[in-house]
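Take a look at the structure set out below.
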Amino acid sequence: MNIRQLETFLAIVEHGSFATAAEKLNATTSTISARIQELEESLGVILFDRSQRKIRLTPKGRELCRYAEKVTSAVADIKTFVTNADMSAGLLRLGVAEMIAVTWLPRLVDLIHEQFPKLSLELNVSLTAELLRRMHADEFDLILAPGLTFDANFETQPVGSVRFAWMAGRRQELPDRVIEPADLKNVRILSLGKDSFHHHTVQQWLTSIGGAQTKVDLCDSMDVIASLTREGVGISLLPVKRYMPDIESGHLRLLRTKPSGPNVEFFAIYRSSTSTTFQARIAELARDASTFDFADDQSPDEKSA
């Protein structure tokens, strides 16, 4: 058994046929078949059920798949970090939620360039669902996004949480008391798009404890939503720390609500079936750069001080 045989095995699993795997690996179909036959003989098991038109993994094949991914990932790490001492050369495709982009992304970029001066960055700011879709399509190496549950095929590292609260402009007329979802029936709500974690959180709050559906206007920018809120267009669920200057100046006012606004957790997310040592290091840098809150209400810098 050797690494080439395992890589061939995984290529067949990924592409669903010997012929397609051969094309991707720049090999002939007979070469691919020979590698798999040698692998099966060395293990003493049958890995693929070839009795039907479409090949399928046998139970032993499925079992090998998990181990083969770990082995090929480890070999990729060796090539990256041992064979190539300058691991900073290359391209990092990074997807980012807007909340991070407008707060500590510049600090993260500085840290990445400081540690990996030859690394090029490809940055994309988008809504959560789009970031996850492109991560599944292998269009990103790592994403920074909100949410608690992700695919088991991904590693997730926390990079802090953000307290959100309902806010209104100073001219917005609302009851001078604790506001519940049912009180907002005739109030316009401003939210990020339907593909965002923010929109999901807003809808979850509005429908809690018997709240009625209300008018919701969508926008693709949190800062624009805050601007519209300041001008009295509607109310919105906004990150408190981000807009504290507006709160202190009176341009935005915090609303007393029941339920109160949520704490939204953010994560660095990367695929677990690929070489992950480099991505894990980028996730650590993201945690170092983060200005968000952590469980003990201290930033990483404060913890080390």
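Read the figures in this text as sums done on the coordinates, not as results from a lab. Since we're looking at a predicted model, the values are computed, not measured. Heads up, the Cβs are rebuilt from the backbone with ideal geometry, glycines too, and the neighbour counts pull from every protein chain shown.
Would you list, by chain and number, the lysines whose Cα falls below 20 Å from the Cα of residue 24, excluding same-chain residues fewer than 8 positions away?
54
Nearest 10 degrees, 0 to 90: what angle lies between the long axis of helix 277-289 and the longest principal axis of the chain (Cα atoms)?
Once rounded, the angle reads 10 degrees.
Would you mind computing, in nm to one decimal, how far apart the modelled labels at residue 253 and residue 227 are, each placed 7 Å from Cα along Cα→Cβ?
With each label point 7 Å from Cα toward Cβ, the separation is 2.4 nm.
With the radius of gyration and the Kirkwood radius both derived from the Cα set of the range 163-262, what is their ratio Rg to Rh? Before the final figure, lay out the partial values.
On the way: Rg = 12.1 Å, Rh = 13.2 Å.
Taking Rh as the inverse mean 1/r over Cα pairs, Rg/Rh reads 0.92.
By a straight-distance test (C-alpha under 15 Å), which aspartates and glutamates pair with residue 118 as possible cross-link partners, with residues fewer than eight away in the same chain excluded?
Straight-distance partners of residue 118: 86, 110.
Over the Cα atoms of the chain, what radius of gyration and what Dmax do you get, in Å?
24.7, 77
Can you figure out the FRET efficiency of residue 136 with residue 115, using R₀ = 25 Å and their beta-carbon distance, to the nearest 0.05?
Working: r = 28 Å, r/R0 = 1.12.
Here the calculated transfer efficiency is 0.35.
Please give the peptides 4-15, 127-138 ranked by average Cβ packing (other Cβ atoms within 10 Å per residue), highest first, as a rough proxy for protection.
Values: 4-15: 19.2, 127-138: 17.4.
Most protected by this proxy first, the peptides run 4-15, 127-138.
Students often forget the sequence filter, so: which lysines lie under 29 Å Cα-Cα from residue 194 once same-chain residues fewer than 8 apart are removed?
185, 215, 241, 258
For residue 127, enumerate residues with amide H under 5 Å from its amide H, sequence gap 5+ or separate chain, H modeled in the peptide plane.
Here the answer is none, since no amide H 5 or more places off falls under 5 Å of that of residue 127.
Ranking request for peptides 25-37, 91-103, 47-59, 181-193: highest mean number of other beta-carbon atoms within 10 Å first, then the rest in descending order.
Details: 25-37: 15.5, 91-103: 19.9, 47-59: 12.9, 181-193: 17.8.
Most protected by this proxy first, the peptides run 91-103, 181-193, 25-37, 47-59.
Among 260, 196, 42, whose mean-square fluctuation peaks in a Gaussian network model of the chain (Cα, cutoff 10 Å)?
Looking only at 260, 196, 42, the biggest GNM fluctuation is shown by 42.
Compute the acute angle (0 to 90°) between the alpha-carbon long axis of helix 29-43 and the principal axis of greatest extent of the alpha-carbon atoms of the chain; round to the nearest 10°.
90
With θ set to phi - 60°, apply the Karplus curve 6.51 cos²θ - 1.76 cosθ + 1.60 along the range 251-257 and write out the HN-Hα couplings as whole Hz, x wherever there is a Gly or Pro.
6, 10, 10, 6, 9, 7, 10
Using a cut-off of under 18 Å, list every residue of the range 213-241 whose amide N is near the label point 7 Å from the Cα of residue 185 along the Cα-to-beta-carbon line.
Under cut-off, by backbone N: 213-216.
Taking just the C-alpha trace of the range 3-83, give me its Rg and Dmax in Å.
12.8, 43
Express in nm, to one decimal, how much length is gained between residue 204 and residue 281 on full extension, taking 0.36 nm for each residue of separation and deducting their alpha carbon distance.
24.3 nm
Can you give the relative contact order of the range 3-83 as a percent, counting alpha carbon pairs under 8 Å and 6+ residues apart? All intermediate terms of the calculation are to be shown ahead of the outcome.
Numbers: 64 pairs, mean separation 22.7, N = 81.
Worked out over the range 3-83, it gives 28 percent.
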